[in-house]
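Visitor: I'd like to ask some things about the structure below.
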Amino acid sequence: GKILCLSGPPGVGKTSVAKSIAKALGREFFRFSVGGLSDVSEIKGHRRTYVGAMPGKIIQCLKSTSSMNPLVLIDEIDKLGSGYRGDPASAFLEVLDPSQNSSFLDHYLDVPVDISRVLFMCTANDLERIPGPLLDRMEIIRLSGYDFPEKVAIAEQYLVPKSLGESGLMVEKENDANDQQQETAGLPTKEAPKGTTPLANFIHAPNVPSDLAIDTGAIESLVRWYCREAGVRNLSKHIDKITRKLALQVVAEQQEGESTIDLMKDSKRKGDTWRVDEDNLNDYVGKPIFTNDRMYEKDPLPNGIVMGLAYTSMGGSALYIETQGIQRGVDTEGKRRGGGGIKVTGQLGDVMKESSQIAYTVARARLADLVGEKNATASFFDETDIHMHVPEGATPKDGPSAGVTMVTSMLSLSMGQSVRHDVAMTGEISLTGKVLPVGGIKEKTMAARRAGITCLILPKQNQRDYDEIPEYLKEGLEVHFAEDYDTVYRVAFGK
């Protein structure tokens, strides 16, 4: 009866969860992707008058699984297309409505088919791209990205054994009589060497060195410096790259001296060990992609520089808001040319551009209250053009959650005061200075920890989301919940 939709970043295991549910329920599993699908006939079938007519995917699913109650996974439902052949999103309204799909009409069969016993599951990366009426028929389950300990555990327990097995370096062993007797008696069995990934169910293949292994430290370095995205797909690719090179090195050493393997000379291992650790990881996957967590390391930060937190479809990230003032020259009457304008760069979306305009208005209104109307600084925005930039320029950015960061950046520049170097913030700002709630609190907290931040400023209404975060992510963090901008100002500038 329920239509489940698993929403989350790529590589977090949405399809794997659906397969596991089908296995647990004892149902047949059928998956079809609708990414880019623009023909309604793929769903509801062709009429039999056409040459090459076929039933739709739903009827094909029942035929291929030979079951009336399979689990059907509709993959990438947020990437449905539409064209002159119709709108597939509208055709799914009948399929995914529990009150209507008991008499689903396929154009090829032309008789009602009861598909109400089918368990439908969908996957999506971005719920905003799903039409409202279709989204209303689904029950949303959000899958957040994996944090550092979870990625390391997944790699050790699943990705490394799987990759070593596929590369032919290890084979799954059968429990011998001694191991079975030890397990029955409650005695400990043989374990992997300390510091290496646990491979208790695997043994080295013939002619493979017995000390070949991937250290836990190498996995941690991969996660920290190479694979920071929310999922584990890229981590799996890097592990596969390591095991393929290990397999090539094993073959190169075995074939040494033969005339047919001259091109193996560059493939030999450079060290004298078969263990992949932090020191020789560069030989297998190249130089680290990420060399530093923060763009500005020195304390204090330059004026006009504030760290914000963003949440994208790839997970959480820490980004800096940079603001610079441009003072124009004076005209013949001694008045400054220009002033009172703002320019934003960094490939910002429409929502983020509007946030910069709101932040500019709030900063101008607050400046006079903070420094006093008679202070010379109060006329800063009247005499100075503001240029705001959000690195990295090649990455598209959008959303309202950088509002408080933009206001703080402009106030820091105008007052000539730097903010705390260990603070990061997120929150939408209103014209009256209210701090409004945002999404992705867990992902943003993970990004802040990765950047070495110890002080967080979050909207007051997001406190319930922060309370649900695991305790180990909160350790060592000083968190402030702001209802209006006054709280943000006091914490950021240490007032």
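Visitor: Can you confirm whether segment 217-229 contains a residue that is farther than 29 Å from MET446 by Cα and either at pLDDT below 80 or out of contact with any His (no Cβ under 8 Å at 6 or more places or on another chain) (or both)? Explain how you work it out, then say what you get.
Guide: At the first step, the residues of segment 217-229 found to be farther than 29 Å from MET446 by Cα are none.
No.
Visitor: Return a yes/no flag: does segment 376-383 have any residue that is within 24 Å of ASP484 (Cβ to Cβ), open to solvent by 10 Å² or more (accessible area, probe 1.4 Å), without any contact (Cβ under 8 Å) to a residue 40 or more places away in the chain and not acidic (Asp, Glu).
Guide: The first filter runs over segment 376-383 and keeps only residues within 24 Å of ASP484 (Cβ to Cβ), leaving 377-378, 380-381.
Right, trim to open to solvent by 10 Å² or more (accessible area, probe 1.4 Å) and you get 377-378, 380.
Filter once more, so that each one left must be without any contact (Cβ under 8 Å) to a residue 40 or more places away in the chain: 377-378.
So of that shortlist, the ones also not acidic (Asp, Glu) come out as 377-378.
Checking segment 376-383: at least one residue is within 24 Å of ASP484 (Cβ to Cβ), open to solvent by 10 Å² or more (accessible area, probe 1.4 Å), without any contact (Cβ under 8 Å) to a residue 40 or more places away in the chain and not acidic (Asp, Glu).
Visitor: Just give me the residues in segment 266-282 being in contact with a helix residue (DSSP H, G or I) (Cβ under 8 Å, 6 or more places away or on another chain) and either assigned to a helix (DSSP H, G or I) or modelled with pLDDT of 80 or more (or both), in sequence order.
Guide: If the condition is that a residue be in contact with a helix residue (DSSP H, G or I) (Cβ under 8 Å, 6 or more places away or on another chain) and either assigned to a helix (DSSP H, G or I) or modelled with pLDDT of 80 or more (or both), then SER267, TRP274, VAL276, ASP277, GLU278, LEU281 are the ones that fit.
Visitor: Next up: So LYS151 clears everything in (1) modelled with pLDDT of 90 or more; (2) surrounded by fewer than 17 Cβ atoms within 10 Å (Cβ to Cβ); (3) under 22 Å from ALA18 (Cβ atoms) except one condition, right? Which one?
Guide: (2)
Visitor: Let me ask something additional. Scan segment 101-117 for residues that are in contact with a Phe, Trp or Tyr (Cβ under 9 Å, 6 or more places away or on another chain) and either open to solvent by less than 60 Å² (accessible area, probe 1.4 Å) or among the acidic types (Asp, Glu) (or both) and jot them down.
Guide: Listed by number, the residues that qualify are ASN101, VAL113, ASP114, ILE115, SER116.
Visitor: Just to be sure I understand, how many residues within segment 362-393 are β-branched (Val, Ile, Thr), modelled with pLDDT under 85 and within 21 Å of GLY346 (Cα to Cα)?
Guide: Summing the residues that are β-branched (Val, Ile, Thr), modelled with pLDDT under 85 and within 21 Å of GLY346 (Cα to Cα) in segment 362-393 gives 0.
Visitor: Which residues, taken from segment 449-483, are out of contact with any helix residue (DSSP H, G or I) (no Cβ under 7 Å at 6 or more places or on another chain), open to solvent by 50 Å² or more (accessible area, probe 1.4 Å) and under 25 Å from MET410 (Cα atoms)?
Guide: Within segment 449-483, THR454, LYS460, GLN461, GLU478 meet the criteria.
Visitor: Look at segment 243-263 and say how many of its residues are at pLDDT 70 or above and part of a helix (DSSP H, G or I).
Guide: So the first thing to find is which residues in segment 243-263 are at pLDDT 70 or above, and the list is 243-255.
Now restrict to residues that are part of a helix (DSSP H, G or I): 243-254.
Number of matching residues: 12.
Visitor: Take VAL72 and decide whether it is closer than 22 Å to ASP136 by Cα, open to solvent by less than 40 Å² (accessible area, probe 1.4 Å), in contact with a Pro (Cβ under 7 Å, 6 or more places away or on another chain) and not polar (S, T, N, Q). Steps first, answer last, please.
Guide: Numbers: closer than 22 Å to ASP136 by Cα: yes; open to solvent by less than 40 Å² (accessible area, probe 1.4 Å): yes; in contact with a Pro (Cβ under 7 Å, 6 or more places away or on another chain): no; not polar (S, T, N, Q): yes.
Here the answer is no, as VAL72 does not meet what is asked.
Visitor: Got at least one residue in segment 77-100 being touching a helix residue (DSSP H, G or I) at 6+ places or on another chain (Cβ under 8 Å), open to solvent by less than 40 Å² (accessible area, probe 1.4 Å), closer than 28 Å to GLY11 by Cα and modelled with pLDDT of 90 or more?
Guide: For segment 77-100, residues touching a helix residue (DSSP H, G or I) at 6+ places or on another chain (Cβ under 8 Å), open to solvent by less than 40 Å² (accessible area, probe 1.4 Å), closer than 28 Å to GLY11 by Cα and modelled with pLDDT of 90 or more: present.
Visitor: Look through segment 285-332, keep the residues that are in contact with a strand residue (DSSP E or B) (Cβ under 8 Å, 6 or more places away or on another chain), modelled with pLDDT under 75 and not in a strand (DSSP E or B), and return whichever of them is most open to solvent (accessible area, probe 1.4 Å).
Guide: So, considering only residues that are in contact with a strand residue (DSSP E or B) (Cβ under 8 Å, 6 or more places away or on another chain), modelled with pLDDT under 75 and not in a strand (DSSP E or B), the one most open to solvent (accessible area, probe 1.4 Å) is ARG328.
Visitor: So which helices (runs of 4 or more DSSP H) are wholly in segment 401-480 and hold at least 3 residues that are free of Cβ contacts under 8 Å to residues at least 60 places away in the same chain?
Guide: Details: elements: 403-415, 441-450, 463-467, 471-474.
It comes to 463-467.
The values are calculated or read from the model by the stated rules, or taken from the named source; none is laboratory data. Since the model is a prediction, treat every value here as computed from it, not as a measurement. Cβ sites come from the backbone with ideal geometry, for glycine too, and all protein chains shown count toward neighbours. Accessible surface areas use protein heavy atoms only, side chains included; no ligands, DNA or RNA. Shrake-Rupley method; radii C 1.70, N 1.55, O 1.52, S 1.80 Å.
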